[in-house]
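Let me begin by presenting the structure, written as structure tokens, before commenting on it.
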Amino acid sequence: MERTIVIIADDESIIRMDLREMLANLGYLVVGEVADGRSAVNQARELRPDVVIMDIKMPDMDGIEAARILTEERIAPVVLLTAYSQRDLIDRAKAVGVVGYLVKPVQEANLAPAIEIAMARFLEFRELEKDVDNLEDQLETRKLVDRAKGILMDAQGLTEAAAFRRIQKMSMNTRKSMKEIAQAIVLTFEAGQ
């Protein structure tokens, strides 16, 4: 079984040491420890951990800003740690896509569930993004094929079904996708005008 790779970011070395020990006890592999948000982002970009456990209040860049960057760049899920349970911090954390939040002092028993849930949510988000990308590509393909069919129907007097079959046949004969064939038809038509 592969071990989950973790980066810890907290400006207090004692807390980093305690977290490292708890994580090791739970079977996680800590590959990096940093004391500020900017270093956490840089190290996560380099090491691509499975999860980043990060304090909110840190020098140079706070944990919420660092979490925003890691979430936008889809690098790793972030579990935020804080001694504060202030509503504005929670709202900021939600707004940037943080998928886990623990209040200090962290109990070892709370750490594994927070990490596992954060990783699961992050994977779900990634899958949803892939689905959206696939649907957008399918929609774009459909629009292009419809436009190419219209061009063939007008230019060659074909029925819609015949125009579709022509695009399909060209796709099979050239071993190119129907999207590529439709793009070529549209570009050729636009170039001729």
Fill in the blank from the handout: With Cα springs under 10 Å, the Gaussian network model of the chain assigns the largest mean-square fluctuation among G27, G63, G37 to G27
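So if each residue of separation counts as 0.36 nm, and I subtract the Cα-Cα distance between S177 and F189, what length gain in nm does that give?
2.5 nm
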Problem - Between 0 and 90°, nearest 10: helix 160-174 axis offset from the chain longest Cα axis - result: 70
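Could you tell me which of rounded, prolate or oblate describes the stretch 26-133, using a ≥ b ≥ c as the square roots of the eigenvalues of the alpha-carbon gyration tensor, with rounded for a/c under 1.5 and, failing that, prolate when a/b is larger than b/c and oblate otherwise? Intermediate results must be reported in sequence, preceding the final value.
Values: a/c = 1.25, a/b = 1.22, b/c = 1.02.
Here the stretch 26-133 falls in the rounded category.
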Handout entry: Alpha-carbon centroids, the stretch 70-86 and the stretch 133-174: separation in whole Å
Key = 46
Completion exercise
A chain fully extended from L135 to E108 at 0.36 nm per residue, minus the present Cα-Cα distance, gains in nm 5.6 nm
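Once you list every other residue whose beta carbon is under 12 Å from the beta carbon of E12, what net charge do they have if Lys and Arg are +1 and Asp and Glu are -1? Don't skip to the end; give the middle numbers.
On the way: positive: R16, K57, K104; negative: D10, D11, D18, E33, D36, D55.
That works out to -3.
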Practice task
May I ask you to give the percent of accessible area on the chain that is carbon plus sulfur, with a probe radius of 1.4 Å?
Solution key: 52
Practice task
Could you provide, to the nearest whole Å², the per residue accessible area of the chain with probe 1.4 Å?
Solution key: 59
Problem - Gaussian network model of the chain, Cα within-10 Å springs - most flexible of E33, E124, E136 - result: E136
Practice task
For every other residue with a beta carbon closer than 15 angstrom to the beta carbon of A109, add +1 if it is Lys or Arg and -1 if Asp or Glu, then tell me the sum.
Solution key: -3
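At 222 nm, what value in deg cm²/dmol follows for the chain if DSSP H runs of at least 4 each add -39500 (n - 2.57) and the sum is divided by all its residues, to the nearest 500? If you can, show how the numbers build up before the last one.
Values: 7 runs with 121 residues, N = 193.
Computed ellipticity for the chain at 222 nm equals -21000 deg cm²/dmol.
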Handout entry: Amide H partners (placed H, <5 Å) of Y101, local residues excluded
Key = L80
Exercise for the section: Calculate one ³J(HN,Hα) per residue across the stretch 41-57 by plugging θ = phi - 60° into the Karplus curve 6.51 cos²θ - 1.76 cosθ + 1.60, and present them in order as whole Hz with x for glycine and proline. Expected result: 5, 4, 5, 5, 4, 7, 9, 6, x, 7, 7, 10, 9, 9, 6, 6, 8
Problem - Selected from L81, L128, L152 as most flexible by GNM, with the chain as the system and alpha-carbon contacts under 10 Å - result: L152
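Placing unit charges on C-beta atoms (Lys and Arg positive, Asp and Glu negative, everything else neutral), compute the dipole magnitude of the chain about its Cα centre in debye, rounded to 20. Display every interim value, and only then the final one.
Details: 26 positive and 33 negative charges, 229 e Å.
Dipole size: approximately 1100 debye.
The values are calculated or read from the model by the stated rules, or taken from the named source; none is laboratory data. Remember, it's a predicted structure, so these values are computed and weren't measured experimentally. FYI the Cβ positions are ideal-geometry reconstructions off the backbone, even for glycines, and counts take in every protein chain you see. Note: areas computed on protein heavy atoms with side chains; ligands, DNA, RNA excluded. Shrake-Rupley method; radii C 1.70, N 1.55, O 1.52, S 1.80 Å.
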